[in-house]
Every structure is written in C-alpha cells, then in structure tokens.
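Take a look at the structure set out below.
The values are calculated or read from the model by the stated rules, or taken from the named source; none is laboratory data. Because the structure is predicted, anything quoted here is derived from the model rather than measured. FYI the Cβ positions are ideal-geometry reconstructions off the backbone, even for glycines, and counts take in every protein chain you see. The accessibility values were calculated without ligands, DNA or RNA, using every heavy atom of the protein model including side chains. Shrake-Rupley method; radii C 1.70, N 1.55, O 1.52, S 1.80 Å.
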Amino acid sequence: MTRPLDVFAVARGQYENVGDVLLRRPLLRWARQAGRLHVYVGASPAGYDEGLDLQPDDVVYRSFGRWYAALLRAAAAGRAASVFKPGEIQLTLVGTKEHVAMLPAVALVRARGGAVVRVGAGARGFAPLPRLLVRPSVALTTYTRWRDERTAAYLGGGPAAPDLGVAEGSDDATLRAARDDGTDRDVLVLSLRTDVGPVPRPYPPPAALDAVARYAAAEGLRIHVVTQVRVDGERSQRLAADLGAELLDWPADVGHDVQEERLRAVYRGARVVLSDRLHVLIAALTEGAAPVPFQLDASDKAARHLDTIGVHDVTVRADGRTADELVAALRHVSAQRSTALDALLHARERLRGVQADVVRVLGGRPSLVPDRVSVG
C-alpha cells in the first residue's frame, strides 16, 4: 500500500503582522489538497494559528529542528514535498539563512522524486551579491511564481503571479456588486508604518493631513485609522488624534484571527484606503475599497505588487506637495476604484490557475474552485 504524501511547509512569520497570515493561509490550504500537511509555525502567539486556519489533521511543529528532521526522513522515504514560505525575502546574510539551510533537504526531496514549490515570495533589495545565496534553492525548485515582476526578473526560476492575499476576502459576486455601486461606502481608511529601522520613517507633513481631512469631508467620508501591524499602534493613535478620526487599534489581548475580522469589517465599509503597507491595501481591496499607496518616501514596493495584480498608477506621494495638489491626486486615483476591482477579479482567475498548478505539481489532483469567499 502506498504511503500518503507528506507536504512540509513553513508558516512562521512576523507574528505582529496580520498580513503574514493573509499570505500563508491560501498556500497552506492548497498544499493540504496534495497530502498531509506538516507545518512549522515556531513560537506563535495566541490567534496566529487560528488565523492560519490550521486543521486537526495538520502536524504542527514549534521546533524547526524537529520539522526539518521529519522532512529529511520523509524525503529519504520518497514521500515528501516541500513548500517555501511566501512573503518578503530580505537579501541579507540573516535573511537568506532559510534558503541556505534548506538546500540539503530540498535537494533530497528532488533526488527522491518529490516536488519543491515556491509561490508568493518577493525580494526586498536587489543587490547582485545576495542573489547568489538564493539562486541555488531557486534552481532546485520545481515550480516558482514570484509576487512581482521585478523579483521575477532579478531571481529567475519562474514568472510573477498575483499576491496570495488577493485570494482572501469577500467573494467575487460581492465584489462585482461593490464595483457597480459604492455609494453606501462612507469610510476612508488610513494606516501608516511607524518609525522603524536606522532611518526614522517620516510622519505625514501638515499638508498631507490637511489633504486627507479635506478630501474626506468633500466626499462625505468618515476617517478610520487602523492598525494591521501591531508596531504601528503608536503612530495610529497619533494620526487618529491629529485627524479627529475613529481608531481601530490592536490591543495585546486580541489575536490575529479576531483582529483580521475587525479590520475586514471596517474595510467592507470603506470606499478608499490610504496606506504605505502593501497588505493593508490588498486586504482592503479584497473587501471592495480603492487602494491608494500613500507614500512618504520613494518606496515602490506597493506599486510593484499592485502592478502585478493589474492595478496601475494609483500611488500618491504625500511629501513635498501642497494640500490642493494632494486633494486633486486623491480624487483622481480613488475614481479608479471600479477598474481596480475588475483587475482584482481577473487576478483571482490567474491565481486559481496557480492553485491548480501547485496541487498538481505537489502530487495531488487540481480541484475546481467555486466562486466563493476564498480561493481554494
């Protein structure tokens, strides 16, 4: 009797970030269709595993060493497949350690006839030298789909596909209805990164805050400031106070699963979302809001990933412009909401094709996916 396939996946992430759950959940769901899921989550806090929608039959590992040893045993027996985690690859010595550490395991998986899948990853930084550390694991991957075109050109191994976050959220029928009529949406969502790293991230200048307030008032929108990444809480509180806005923060006793539902409830009432966080924009888009990358620096991360989805030219640079210029820019890009929702629906169709490929490559049979709340 043939032993069932064991599919090994890494789902450990940035635990203070709801966006990491949005990325990992669809890929785990697809992998589960191909065999028994063995998933490494690390020392995940309460609510993280629930957010991932882990199932009773999944084998969950807190220790990377035990997960890795189980992968080697299953690979040696010829019954293992491996799935790299989606998300941002930090091309530093620390950021690439997973890819180097995984080389013996994925080489054994491939040597024994198993598949290795990498879907939904994107590079952070594009220097030539760090690329050399990742290229061997890319070469050993059976099926690769990056989450933006620049990463695909930089690392090779496969083309780009829509970000996995577009698989979640409201169902297609709800989004089609939202595309045709947004008059009942009376919320503007604002969510901005806090000061992180060696260079402090700037706070919006007075002209930017004035523009947000004036635009919202002219459109009859209530401003909600939300926290989708816990470290942004202090900035969210300051923004809400400065704008006289409603605040949805992330208390320490609220898990990822609950916070995601709280956020989505706000996004379902939003007409437009302004953020410099990619997965705030994507989560809100999947609930029917117009995504506007509201940038205080030259970062093109959100724009690159939205381009891959098919949402183009919606970035608003909020620094160095007058309030009048920003109000006009916000009017222009928010008017593209219906176009953005059309692009989202098309991106979901593309992602269904990726899902079928992943299940087939890992060793299962692709199943038809109904038009429902989640792809897969």
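One table, with the values for the structure above:
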read-out: Equivalent ellipsoid semi-axes, the stretch 44-98, via Cα gyration tensor eigenvalues times 5, rooted, Å; value: 21, 20, 11
read-out: Selected from A241, A160, A123 as most flexible by GNM, with the chain as the system and alpha-carbon contacts under 10 Å; value: A241
read-out: Magnitude of the charge dipole, the stretch 243-376, Cβ model with Lys/Arg +1 and Asp/Glu -1, debye to 20; value: 540 debye
read-out: Electrostatic dipole magnitude of the chain [Cβ: Lys, Arg +1; Asp, Glu -1; Cα centre; debye, to 20]; value: 1820 debye
read-out: The chain: relative contact order in percent, alpha carbon pairs under 8 Å with at least 6 residues between; value: 19 percent
read-out: Expected 222 nm ellipticity per residue - DSSP helices of 4 or more, -39500 (n - 2.57), all of the chain, to 500; value: -13500 deg cm²/dmol
read-out: Helix runs (DSSP H) in the chain reaching 24 Å along axis by Cα, Kyte-Doolittle at least 0.0; value: 337-362
read-out: Sites R317 and A218, calculated FRET efficiency, Cβ-Cβ separation with R0 25 Å, nearest 0.05; value: 0.75
read-out: Accessible-area composition of the chain, carbon plus sulfur, in percent [1.4 Å probe]; value: 53 percent
read-out: Highest to lowest packing among 272-279, 289-296, 249-256, scored as the average C-beta count within 10 Å; value: 289-296, 272-279, 249-256
read-out: Å² of accessible area per residue within the chain, as computed with a 1.4 Å probe and no ligands counted; value: 40 Å²
read-out: Cα extents of the chain along the three principal axes, largest first (Å); value: 68, 44, 40
read-out: In the stretch 76-154, the chymotrypsin sites (Phe, Trp or Tyr not before Pro) that fall in loop regions by DSSP, at most 15 other Cβ within 10 Å; value: F126
read-out: Cα-based equivalent ellipsoid of the stretch 67-223: semi-axis lengths in Å, sorted from largest, via gyration tensor; value: 41, 22, 13
read-out: Charge dipole magnitude, Cβ of K and R +1, D and E -1 - the stretch 1-107, Cα centre, debye nearest 20; value: 400 debye
read-out: Pair-distance profile P(r), taking every C-alpha pair of the stretch 221-298, with 10 angstrom steps and integer %; value: 19, 55, 25, 1
read-out: Computed lengthening from F126 to A177, 0.36 nm per intervening residue step minus Cα-Cα distance; value: 14.4 nm
read-out: Directionally averaged shadow of the stretch 301-347, computed from the convex hull of its alpha-carbon atoms, nm²; value: 3.3 nm²
read-out: Tail beyond 17 Å, pair distance distribution of the stretch 229-372 (Cα, percent); value: 68 percent
